[in-house]
Amino acid sequence: MFEEEPKFYIEQNWGVFWGRFINNAFHKHYAIQLSFAEEMPVQVMTTDGHKHIYDCTLVKSNVTHQLVCNGRHLILLFSPITSMGQFLSQLSADDVILLKHSIAEEVQLLLSQLVRRQIDFKKFIELIKVRLEQFNGACLTQRHLVDERIECALSYLEANKNRVVPLAEIAKENFLSPSRFLHLFKDVLGITYRRAQLWIKICHSFAYLQKHSITDTAYQYGFADSAHYSKVFKQNFGFSPKFIKTALREEIPK
């Protein structure tokens with residue numbers, strides 16, 4: 001959890017969270033996570049009792065972990081089905097690693113400017129967006145998946161990132177039956193196509209959520225009810241939409 005007015009920003013393929021953690025329990029989420037602390041290394045505990053203490057910690061998708069950090073903390077979360085997510089996932093066979101990549105160094109530099117108040121959070125996001133766009137381009141050229149059809153599917157999702165692509169459409173695009181596509185997608189990426197669709201819907205809903213109730217947001221974006229929406233949201237990011245609304249102290253319009 002966070003305290004002291006945390007800052008949040010979510011786009012379709014990535015999110016940023018900046019604040020101070022308290023009472024952080026073991027949890028897992030589908031998002032791939034990069035963690036940076038303000039002044040000291042981040043300690044990540046895993047269920048096998050191992051402690052990972054790094055300046056920039058990468059935690060893979062759906063890995064149960066606990067963060068331990070006494071100061072403010074920056075998290076970048078990436079969709080596991082994007083080129084960035086796939087590139088990060090393939091860097092090591094281990095679930096939690098020290099990230100040694102120029103993107104980590106550049107985020108750390110921007111974070112130091114944020115901490116020293118040389119830039120505000122809005123400017124920080126602007127600069128991060130530019131760098132991540134460059135990083136995504138580099139990942140696209142370096143991505144090497146097992147199956148070319150999944151390469152094509154991910155490229156198709158990237159090209160249609162502002163909508164949820166129906167199963168029949170993307171299967172046809174890759175000359176596969178829907179059932180074969182579903183099996184291949186899960187086998188190669190480790191996440192179901194349904195989960196990928198839910199990720200897109202949740203990310204699209206974030207701006208609406210900040211100005212409307214959780215129930216209204218759930219219905220607006222095609223979820224059965226607020227409980228289903230909240231469950232999927234937490235599975236994606238590791239915390240609930242209720243917590244975000246409370247932390248941001250947003251007033252719900254009547």
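The values are calculated or read from the model by the stated rules, or taken from the named source; none is laboratory data. Computed from a predicted model, the values in this text were never measured in an experiment. Note: ideal-geometry Cβ built from the backbone for every residue, glycine included; neighbour counts use all protein chains shown. Ligands, DNA and RNA are excluded from the accessible area calculation, which covers all protein heavy atoms including side chains. Shrake-Rupley method; radii C 1.70, N 1.55, O 1.52, S 1.80 Å.
Scanning region 236-248 for residues that are assigned to a helix (DSSP H, G or I) and hydroxyl-bearing (Ser, Thr, Tyr) gives a single hit, THR246.
For region 26-40, the set of residues classified as open to solvent by 60 Å² or more (accessible area, probe 1.4 Å) and at pLDDT below 90 consists of GLU39, MET40, listed by residue number. Taking the criterion of being without any contact (Cβ under 8 Å) to a residue 40 or more places away in the chain, small (Gly, Ala, Ser) and either under 23 Å from TYR156 (Cβ atoms) or assigned to a helix (DSSP H, G or I) (or both), the residues of region 190-235 that qualify are SER205, ALA207, ALA218, GLY222, SER226, ALA227, SER230. Go through region 179-197 and give me each residue that's surrounded by 21 or more Cβ atoms within 10 Å (Cβ to Cβ) and of a type in the set (A, V, I, L, M). Listed by number, the residues that qualify are LEU189, ALA196. If you go through region 135-178 and pick out every residue that is among the β-branched types (Val, Ile, Thr) and surrounded by 14 or more Cβ atoms within 10 Å (Cβ to Cβ), you end up with 4. Restricted to region 161-204, and to residues that are among the polar types (S, T, N, Q) and modelled with pLDDT under 90, which residue is nearest to the chain's Cα centre (by Cα)? Ranking the candidates gives GLN197 first. Kindly indicate whether any position in region 127-134 is in a loop (DSSP other than H, G, I, E, B), open to solvent by less than 20 Å² (accessible area, probe 1.4 Å) and either at pLDDT below 95 or polar (S, T, N, Q) (or both). Taking every residue of region 127-134 in turn, none turns out to be in a loop (DSSP other than H, G, I, E, B), open to solvent by less than 20 Å² (accessible area, probe 1.4 Å) and either at pLDDT below 95 or polar (S, T, N, Q) (or both).
Checking every residue in region 217-231 against the condition of being buried (at least 18 other Cβ atoms within 10 Å of the Cβ), within 22 Å of SER83 (Cα to Cα) and not hydrophobic (A, V, I, L, M, F, W, C) gives zero matches. Taking the numbered list (1) surrounded by fewer than 21 Cβ atoms within 10 Å (Cβ to Cβ); (2) in contact with a Gly (Cβ under 8 Å, 6 or more places away or on another chain) in turn, PHE78 passes all entries but (1).
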